[in-house]
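Novice: I'd like to ask you about the structure that follows.
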Amino acid sequence: MISGQQVARNGWQAISQFVQRVNAIIGLIAQPSLTQLVMRIGLATPFWRSGVNKWDGFLQLNDTAVFLFSTEFKLHLPGGPYSFPAPEATAFLVGSGEILFPILLVLGLATRLAACALLVMTLVVELTVPDGWPVHVTWAAMALGIMAWGPGRLSLDHWIERRDG
């Protein structure tokens with residue numbers, strides 16, 4: 001005769017085995033290098049899209065980018081908001097960073113540096129658009145994850161490291 005405790009124990013064992021199988025399948029799908037690549041692309045995308053909208057041609061900012069940094073964008077700091085210093089230079093640097101750092105991230109080249117730069121840019125964006133924190137915290141989490149765990153095997157950084165020993 002089977003007791004109630006045995007039935008319960010067998011039920012928990014079946015659930016435990018099922019969870020272990022599901023975890024094993026998920027582990028096969030979510031390989032660390034694939035996850036790191038997807039994080040790099042996920043963080044690069046919004047910055048790239050923003051950067052592309054700031055340029056009219058090679059090293060030629062559009063009027064909208066300069067206008068935004070001159071009149072619209074403000075830093076929301078205590079006692080502020082404050083205008084951005086040197087708006088044309090700031091727009092140029094931001095636009096350049098929004099193109100360069102996403103390219104480096106997707107290639108996996110100087111990856112931790114690029115992620116750190118985008119984390120700093122995210123913090124400035126948060127000071128400029130404080131209501132956007134739900135999106136900005138996601139960008140910050142991806143940047144921190146890339147900084148912590150690196151670019152993964154699907155990157156030029158990994159290839160260079162293996163080549164150089």
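Novice: Condition first: of a type in the set (Phe, Trp, Tyr) and either outside any helix (DSSP H, G or I) or modelled with pLDDT under 95 (or both). Now tell me which residues in the stretch 42-91 satisfy that.
Specialist: TRP55, PHE58, PHE67, PHE69, PHE73, TYR82, PHE84
Novice: Right, here's the next one. Regarding the stretch 118-127, can at least one residue be identified that is within 22 Å of LEU77 (Cβ to Cβ), without any contact (Cβ under 8 Å) to a residue 12 or more places away in the chain and not in a helix (DSSP H, G or I)?
Specialist: There is no residue in the stretch 118-127 that is within 22 Å of LEU77 (Cβ to Cβ), without any contact (Cβ under 8 Å) to a residue 12 or more places away in the chain and not in a helix (DSSP H, G or I).
Novice: Also, I was wondering about something else. If you take the residues in the stretch 26-41 that are over 20 Å from PRO102 (Cα atoms) and open to solvent by less than 60 Å² (accessible area, probe 1.4 Å), which one is modelled with the lowest pLDDT?
Specialist: ALA30
Novice: Can you confirm whether ARG21 is open to solvent by less than 50 Å² (accessible area, probe 1.4 Å) and either modelled with pLDDT under 95 or closer than 22 Å to PRO151 by Cβ (or both)?
Specialist: In short, no.
Novice: Still on this structure: Of the numbered conditions (1) within 30 Å of ILE146 (Cβ to Cβ); (2) over 24 Å from the mean Cα position of the chain (by Cα); (3) open to solvent by less than 40 Å² (accessible area, probe 1.4 Å), VAL66 fails exactly one; give the number of that condition.
Specialist: In the conditions (1) within 30 Å of ILE146 (Cβ to Cβ); (2) over 24 Å from the mean Cα position of the chain (by Cα); (3) open to solvent by less than 40 Å² (accessible area, probe 1.4 Å), VAL66 misses (1) alone.
Novice: Could you give me the residue pairs with C-beta distances under 7 Å whose first residue belongs to the stretch 55-76 and is over 14 Å from SER96 (Cβ atoms), whose second residue is of a type in the set (A, V, I, L, M) wherever it lies, and which are 6+ apart or on separate chains?
Specialist: From the stretch 55-76, the pairs are LEU75/LEU127; HIS76/LEU127.
The values are calculated or read from the model by the stated rules, or taken from the named source; none is laboratory data. This is a predicted model, so every value here is computed, not measured. Glycine also receives a Cβ, built like all others from the backbone with ideal geometry; neighbour counts cover every protein chain displayed. Please note that ligands, DNA and RNA were not included when accessible areas were found on the heavy atoms of the full protein model with its side chains. Shrake-Rupley method; radii C 1.70, N 1.55, O 1.52, S 1.80 Å.
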